[in-house]
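Let me begin by presenting the structure, written as structure tokens, before commenting on it.
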Amino acid sequence: MNIEIDNNRIPQHIAIIMDGNGRWATERGQSRSYGHQAGVESVRAVTTVCKNIGVKYLTLYTFSTENWNRPEDEVAALMALVLSALEEEIFMKNNVRLRVIGDFDRLPAVVQDKLNEVMDHTAANDAMTMTLALSYSSRWEMTQAAKEIAAEVAEGKMRIDDISEDTLSAHMNTCYMPDPDLLIRTGGEVRVSNYLLWQIAYSELYFCDTYWPDFKEDNLLEAIADYQRRQRRFGKTEAQVEEMEQ
């Protein structure tokens, strides 16, 4: 498939809900863990493509706060998979920096240690930043931000009247990067599942039926091509946007 995209309109930040691993495996008579393992290959493929076309930020919904409620054996397998998937080669070869958002302290100590190690070793990489959302939920993130702001007000570091949208954004886990231009969800579900709710206020949303293990280069390019066919108005009229683009 030959999918052409405009290299001058590449989304700066792509966020992905990597859904469908379990169903992909079940349809093949395999365990859900097998599906998660297969999904790692899609992470590698998408990371390489994003870096090559000039995406600066890639944020992957890897493990939600709600996922802790899954069967213990699946949670254990997912944590083990995180460890095995953190191969520094994919980051160093592509000059990609790793970062993490979420309730980091809730992760197993061995996972925390490995994540810290890879983040330290890739800190100087500057072609793209890949962020893993681990033990993450948007409501948790916004609750934490509210607590931090309340504490600053109580300590006299901030006045209530000084609190703005920028204040909230500065206290989000994602404060080091711009909001997503494009949110992709694979696997056929049409919802955002408590993911980056504050940040995707004006993101373009793309849903596809492809299960994550089958989501490769052409699928990503089609999502970007669809994004490029849209007009992002941010509350303005079509005529206003067209005038600004002239």
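Points to keep in mind about this one:
- Subset of segment 62-77 (residues that are at pLDDT 90 or above and open to solvent by 20 Å² or more (accessible area, probe 1.4 Å)): 62, 65, 66, 67, 68, 69
- Condition met for residue 94 (of a type outside the set (D, E, K, R) and either within 21 Å of residue 193 (Cα to Cα) or open to solvent by 20 Å² or more (accessible area, probe 1.4 Å) (or both)): no
- Residue, farthest from residue 6 (Cα to Cα), within segment 209-227, restricted to residues that are in a loop (DSSP other than H, G, I, E, B) and out of contact with any Ser or Thr (no Cβ under 6 Å at 6 or more places or on another chain): 211
- Pairing each residue of segment 142-154 that is over 11 Å from residue 168 (Cα atoms) with any residue that is surrounded by 14 or more Cβ atoms within 10 Å (Cβ to Cβ) and not small (Gly, Ala, Ser), provided the two are 6+ apart or on different chains, yields C-beta distances under 8 Å for 152/158; 153/163.
- Set side by side, the residues 185, 99 differ, and just one is of a type in the set (Lys, Arg), within 27 Å of residue 24 (Cα to Cα) and either in contact (Cβ under 8 Å) with a residue 60 or more places away in the chain or open to solvent by 40 Å² or more (accessible area, probe 1.4 Å) (or both), which is 185.
- Index of the failed condition, residue 17 passing every other in (1) within 28 Å of residue 181 (Cα to Cα); (2) modelled with pLDDT of 95 or more; (3) over 16 Å from the mean Cα position of the chain (by Cα): (3)
- For segment 32-53, the criterion of being open to solvent by less than 60 Å² (accessible area, probe 1.4 Å), touching a strand residue (DSSP E or B) at 6+ places or on another chain (Cβ under 7 Å) and free of Cβ contacts under 8 Å to residues at least 60 places away in the same chain is satisfied by at least one residue.
- Out of 194, 173, one residue alone is assigned to a loop (DSSP other than H, G, I, E, B), within 15 Å of the chain's Cα centre (by Cα), at pLDDT 95 or above and surrounded by 18 or more Cβ atoms within 10 Å (Cβ to Cβ). It is 173.
- Of the residues making up segment 179-191, those that are part of a loop (DSSP other than H, G, I, E, B), within 13 Å of the chain's Cα centre (by Cα) and closer than 24 Å to residue 217 by Cβ are 180, 181, 186.
- Residue within segment 58-71 that is of a type in the set (A, V, I, L, M, F, W, C) and in a helix (DSSP H, G or I) present: yes
- Under the condition of being within 22 Å of residue 99 (Cα to Cα) and either among the acidic types (Asp, Glu) or open to solvent by 40 Å² or more (accessible area, probe 1.4 Å) (or both), the residues counted in segment 120-160 number 12.
The values are calculated or read from the model by the stated rules, or taken from the named source; none is laboratory data. Only a predicted model underlies this, so the values are computations on that prediction, with no experimental measurement involved. Neighbour counts run over all protein chains shown; Cβ positions are idealised from the backbone, glycine included. The area values use the complete protein model at the heavy-atom level, side chains included, leaving out ligands, DNA and RNA. Shrake-Rupley method; radii C 1.70, N 1.55, O 1.52, S 1.80 Å.
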